[in-house]
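What follows is a single structure, written as structure tokens, with notes after it.
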């Protein structure tokens, strides 16, 4: 059975999601969900997409210290592990992914109005996170 990798760029308001292809070579932005609905989304998405690995961003300050958000992420991971005990969970440093996502939007010629869409930034950040993992 072919399986996929799912990546999360978790935030208190929104979470960006990205998913790999079955060959685990290409990362694609999936969507942005309201973080309060994230668990419901994962309950559906993980089995439907045959996800065997979850990549979760690790928010750090530039000096490498964890951000306050890390506590919320650890609780989230605990909940996910209870629901999906066989799911492999990998943490990836997500420093600079938002900056890279924003730059990607500029480079791809998106108009300023579209670049202000924070949900899109989160989705692209998750995609960058996943692509880094797949490499």
Counting only helical runs of four or more DSSP H residues, what would the 222 nm mean residue ellipticity of the chain come to if each run contributes -39,500 (n - 2.57) and the total is spread over all its residues? -13000 deg cm²/dmol
Rounded to the nearest 5, the percent of DSSP beta bridges in segment 4-134 running antiparallel is 55 percent
Which of rounded, prolate or oblate describes segment 25-109 when judged by the alpha-carbon gyration tensor and an a/c cut-off of 1.5? oblate
Distance between Cα centroids, segment 112-135 to segment 11-28: provide it in whole Å. 9 Å
As I understand it, the value is the acute angle between the Cα axis of helix 69-83 and the longest principal axis of the Cα atoms of the chain; what does it come to in degrees, rounded to 10? 30 degrees
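Find the relative contact order for the chain and round it to a whole percent, using C-alpha pairs within less than 8 Å whose residues are 6+ positions apart.
35 percent
Bear in mind that the values in this text are calculations on the coordinates, not laboratory data. This is a predicted model, so every value here is computed, not measured.
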